[in-house]
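Comments concern the structure below.
The values are calculated or read from the model by the stated rules, or taken from the named source; none is laboratory data. Given the structure is predicted, the values throughout are model-derived calculations rather than measurements. A quick note on method: Cβ atoms are made from the backbone with ideal geometry, for glycine too, and the neighbour counts reach across all protein chains shown. All accessible areas refer to the heavy atoms of the entire protein, side chains included, with ligands and DNA or RNA removed. Shrake-Rupley method; radii C 1.70, N 1.55, O 1.52, S 1.80 Å.
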Amino acid sequence: MKDVNIYESDSDGLLYDPRVRAAMTRFADSDETLLAFEAGAAVRTANQAVERMRAHGAEGRGVSAGALDLLIRLDGSEHGISIGELARAAGVSSRNATGLVDTLEGHGLVRRVPDPKDRRSVLAEITPDGRAWMEAFRKPSQLAMRAMFQGFAPEELVVLRDLCLRLAANQHRLAEHLRRTGQQP
């Protein structure tokens with residue numbers, strides 16, 4: 001991972017990746033398209049950086065980043081959550097969520113309990129050990145996020161959040177349109 005962060009500043013003092021710009025210049029058909037490609041690459045780079053930090057923190061404590069996602073959701077729930085709901089919330093398949101719950105259950109962090117509303121269903125529920133694990137993970141996570149977003153003003157974080165969620169909403173609308181029309185991207 002040598003020379004990964006070789007960024008330059010443009011005439012407005014804003015960062016860009018010259019390698020991405022060079023590659024995308026040959027691919028884009030206009031300056032506007034080039035900016036969209038560069039923005040997409042920057043989002044991927046930022047996502048990978050955040051995910052590397054999350055994975056490092058979670059795996060250092062014996063849990064995968066995927067299992068951590070489920071544990072965070074369960075920690076925020078007073079009652080259990082169905083495997084299907086966990087899968088939808090985490091954006092993974094039910095099969096994947098089941099495997100993650102199995103892993104967390106094996107660590108004693110989660111247990112399956114009967115669904116009081118449906119005798120045929122079970123819910124995943126965080127255990128007291130799982131809550132203690134989350135409490136121990138909270139402070140290092142806070143420190144890591146502060147370090148990752150150092151130098152960002154609160155209003156910048158709000159704008160960043162909005163931009164990322166708007167991007168995700170656009171992708172969802174596009175995927176639905178393509179699904180309905182049977183088109184490929």
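Below, the figures for the structure above:
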| read-out | value |
| --- | --- |
| Pairs where the first residue, in the stretch 164-183, is free of Cβ contacts under 8 Å to residues at least 12 places away in the same chain and the second is assigned to a helix (DSSP H, G or I), C-beta under 9 Å, 6+ apart | Gln183/His177 |
| Subset tally (residues that are of a type in the set (A, V, I, L, M, F, W, C), more than 17 Å from Pro18 (Cα to Cα) and open to solvent by 40 Å² or more (accessible area, probe 1.4 Å)) for the stretch 28-69 | 1 |
| Among the candidates Arg173, Arg179, Arg138, residue that is within 30 Å of Leu109 (Cβ to Cβ) and open to solvent by 70 Å² or more (accessible area, probe 1.4 Å) | Arg138 |
| Among the residues listed as Leu68, Leu74, the single one being within 30 Å of Pro116 (Cβ to Cβ) and at pLDDT 95 or above | Leu74 |
| Ser141 being of a type in the set (Ser, Thr, Tyr) and within 19 Å of the chain's Cα centre (by Cα) | yes |
| Considering residues of the stretch 25-50 that are touching a helix residue (DSSP H, G or I) at 6+ places or on another chain (Cβ under 7 Å) and over 24 Å from Asp162 (Cβ atoms) only, the residue modelled with the lowest pLDDT | Phe27 |
| Residue pairs meeting the criteria (Cβ under 7 Å; at least 6 apart or on separate chains; first open to solvent by 50 Å² or more (accessible area, probe 1.4 Å), in the stretch 8-22; second among the charged types (D, E, K, R) and outside any loop (DSSP other than H, G, I, E, B)) | Arg21/Glu38 |
| Some residue of the stretch 102-110 being touching a residue at least 12 places away in the same chain (Cβ under 8 Å), part of a loop (DSSP other than H, G, I, E, B) and at positive phi | yes |
| Failed item in (1) of a type outside the set (A, V, I, L, M, F, W, C); (2) in a helix (DSSP H, G or I); (3) without any contact (Cβ under 8 Å) to a residue 12 or more places away in the chain, with Arg54 passing the rest | (3) |
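Results for (1) closer than 25 Å to Val63 by Cβ; (2) among the acidic types (Asp, Glu); (3) not in a helix (DSSP H, G or I), shown as yes or no for each residue.
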residue: Thr98; (1), (2), (3): yes, no, no
residue: Arg120; (1), (2), (3): no, no, yes
residue: Leu160; (1), (2), (3): no, no, no
residue: Arg180; (1), (2), (3): no, no, no
